[in-house]
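Enquirer: Sharing a structure, written as C-alpha cells. Questions coming.
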Amino acid sequence: MSGSQSDMTQGAKEKQHRKERAISRDVMADMNTRLSKVKLVVAEGQERYDDVEHHVEGLEQESEEFGEEMQGALNITASTCLDHVKSLEDSLQPKVVLVEDELARVYTELCGRFKQVEE
C-alpha cells in the first residue's frame, strides 16, 4: 500500500504541478497581453505627442511670421504718419510766419497807440 499511496501521492503532485504550470502560463499570457496593450497605448501617446509638437512648432513659426508682418505694418504706418505731419508742418509754416508777422505789426501798432494815449 505504501507503494500505491506513494504512486498516488506522486501522481497528485504531478497533477498539481501541471495545474500550477498552466496557471503560470495563463498569468504570463495575460501579462503579455497587457504589456502589448500598454505598448500600443504608449506608441499612440507618442504619436499624439509628436503631432502636438509638430503643431506647436508650426504655430511658433506662424507667430514669428505674424510678428514680423505686424512690425512691418507698424513701421509703414509710423512712416506714413511722420510724412503726413512733416507735410502739414511744411504747409503750415508760411501761415505761421504770416501770423507772427501780423502779431508783431499789431503789437507795434498797439504800443504806438499806448504811447499816444500816455502823452
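Values in this text are rule-based calculations from the coordinates and carry no lab data. These numbers were taken from a predicted model, which means no experiment stands behind them. So basically every Cβ, Gly included, is an ideal-geometry build from the backbone, and we count neighbours across all protein chains shown.
Enquirer: In deg cm²/dmol and to the nearest 500, what is the mean residue ellipticity at 222 nm of the chain if only DSSP H runs of at least 4 residues count, each as -39500 (n - 2.57), divided by the residue total?
Expert: For the chain, the value works out to -38000 deg cm²/dmol.
Enquirer: Where nothing but the Cβ of Lys and Arg (+1) and of Asp and Glu (-1) is charged, how large is the charge dipole of region 1-90 around its Cα centre, in debye to the nearest 20? Could you put the intermediate results ahead of the total?
Expert: Details: 11 positive and 20 negative charges, 414 e Å.
Using Cβ point charges on Lys, Arg, Asp and Glu, region 1-90 gives about 1980 debye.
Enquirer: Roughly how many nanometres apart are two label points built 7 Å out from the Cα toward the Cβ at residue 116 and residue 9?
Expert: Placing both labels 7 Å along Cα→Cβ, they lie 15.2 nm apart.
Enquirer: Over the chain, with a Gaussian network built from C-alpha contacts below 10 Å, which listed residue (19, 39, 86) shows the highest mean-square fluctuation?
Expert: Judging by the Gaussian network model, the answer is 19.
Enquirer: What number does region 1-90 give for Rg over Rh if you use C-alpha atoms and the Kirkwood radius? Intermediate values should be presented prior to the final figure.
Expert: Values: Rg = 38.2 Å, Rh = 20.8 Å.
With Rg and the Kirkwood Rh in hand, the quotient comes to 1.84.
Enquirer: Now for a different question. Per 0.36 nm of contour for each residue apart, how much would the distance between residue 76 and residue 49 grow if the chain were fully extended, relative to their Cα-Cα spacing? Intermediate values should be presented prior to the final figure.
Expert: On the way: separation 27, 0.36 × 27 = 9.72 nm, distance 4.03 nm.
Taking 0.36 nm per residue and subtracting the Cα distance, the gain is 5.7 nm.
Enquirer: Report the full-extension gain for the segment residue 103 to residue 27: residue separation times 0.36 nm, less the Cα-Cα distance, to one decimal in nm. Each step should come with its number before you reach the end.
Expert: Values: separation 76, 0.36 × 76 = 27.36 nm, distance 10.68 nm.
Length gained between residue 103 and residue 27: 16.7 nm.
Enquirer: On a 0 to 90° scale, report how tilted helix 2-118 is relative to the longest principal axis of the chain, with both axes built from alpha carbons and the result rounded to the nearest 10.
Expert: That works out to roughly 0 degrees.
Enquirer: If the elastic network links every pair of Cα atoms under 10 Å, which of 105, 34, 48 fluctuates the most in the Gaussian network model of the chain?
Expert: Between 105, 34, 48, it is 105 that shows the largest mean-square fluctuation.
Enquirer: Please enumerate, by chain and number, the lysines with C-alpha under 26 Å from the C-alpha of residue 95, excluding those fewer than 8 residues away in the same chain.
Expert: Qualifying lysines at Cα under 26 Å: 86.
Enquirer: Another question about this same structure. Specify which residue in the list 42, 29, 110 is farthest towards the positive end of the charge dipole of the chain, using unit charges on the beta carbon of Lys, Arg (+1) and Asp, Glu (-1), about the Cα centre.
Expert: 29
Enquirer: So, one more: Calculate the dipole size of region 38-82 relative to its Cα centre from +1 charges on Lys and Arg beta carbons and -1 charges on Asp and Glu beta carbons; express the result in debye to the nearest 20. Let's see the in-between values first.
Expert: Values: 2 positive and 12 negative charges, 26 e Å.
Value, rounded to 20: 120 debye.
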